[in-house]
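Working notes, structure below.
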Amino acid sequence: MEKITGVILAGGQGRRMGRVDKGLTLLQGKPFIEWVLARFSPQVDEVLINANQNLEQYARIGYRIIPDEIGGFAGPLAGLHRGLLEAHYGLVATVPCDSPFLPADLVERLHKGLTAAKAQLAVAKTFTQPHPVFCLCRRDVLDHLSKFLNSGGRKIDAWYATLKVVEVPFDDQVEAFSNINTPEELSEFEADAPPSGGAKKTS
């Protein structure tokens, strides 16, 4: 498989969580970012962390930190944009910092879909629900993304709709795409998450 840069998107303000830095929020005593790293880092050849606050805390984790170039917490596309600028490799995969049980074969399956379709971007999908922040794209979409952002575009699904995209089914791993947005959801995950960091338990 081609070498791939992985970007963890932790650049948001965590409004629904009470304006906290979600990447550093604790789940069973361990920051979200560490749960994500445990599953994501073995799948890629380098890891970049997109963060816009608490940069020193993130830096202590041991990976390169890349804040948005576009100010004002412009959303996941701004994080992807910086990742594309900084990546050493021709493919860039992204995942959010608040999905601690992301699929262990996410990047491999996205890569197979991207290659088979000769697409510019592959995005994960469970049944009818796409998950646009779980994606793999070619680095040469950077200019296209820069123009989209400079024109005021911010919605990730609106951007990828202008590219050649393949949606890769993960119907067998719906729970793996669960994310934590609110204190109530965090409480549920605290109760359900196994200490090993495996898949979220289902009832």
Flagged in segment 68-116 as surrounded by fewer than 21 Cβ atoms within 10 Å (Cβ to Cβ), outside any loop (DSSP other than H, G, I, E, B) and of a type in the set (Ser, Thr, Tyr), in numbering order, are Thr115
Phe40 meets each of (1) part of a helix (DSSP H, G or I); (2) under 20 Å from Asp143 (Cα atoms); (3) touching a strand residue (DSSP E or B) at 6+ places or on another chain (Cβ under 6 Å) with one exception, condition (2)
> On the given criteria, is His131 assigned to a strand (DSSP E or B), within 17 Å of the chain's Cα centre (by Cα) and in contact (Cβ under 8 Å) with a residue 24 or more places away in the chain?
Replying inline: yes
Taking segment 29-79 and keeping only residues that are at negative phi, out of contact with any Ser or Thr (no Cβ under 7 Å at 6 or more places or on another chain) and of a type in the set (Phe, Trp, Tyr), one is left with Trp35, Phe40, Tyr58, Tyr63
Within segment 52-69, the residues that are more than 11 Å from Arg82 (Cα to Cα) and not acidic (Asp, Glu) are Asn52, Gln53, Asn54, Leu55, Gln57, Tyr58, Ala59, Arg60, Ile61, Gly62, Tyr63, Arg64
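In segment 79-97, which residues are over 12 Å from Asn50 (Cβ atoms) and in contact with a Leu (Cβ under 9 Å, 6 or more places away or on another chain)? Spell out how you get there, then give the answer.
Within segment 79-97, the subset over 12 Å from Asn50 (Cβ atoms) is 88-91, 93.
Once the filter is applied, which keeps residues that are over 12 Å from Asn50 (Cβ atoms) and in contact with a Leu (Cβ under 9 Å, 6 or more places away or on another chain), segment 79-97 yields Leu91, Ala93.
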Going through segment 14-26 in order, the residues found to be within 12 Å of Asn54 (Cβ to Cβ) and modelled with pLDDT of 60 or more are Val20, Asp21, Lys22, Gly23, Leu24, Thr25
In the set Ile49, Ile33, the lone residue that is part of a strand (DSSP E or B), among the β-branched types (Val, Ile, Thr), closer than 11 Å to Ile8 by Cβ and at pLDDT 95 or above is Ile49
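The values are calculated or read from the model by the stated rules, or taken from the named source; none is laboratory data. As the structure is a prediction and not an experimental result, all values here were calculated from the model. Note that each Cβ is placed from the backbone with ideal geometry, even for glycine, and that neighbours are counted across all protein chains shown.
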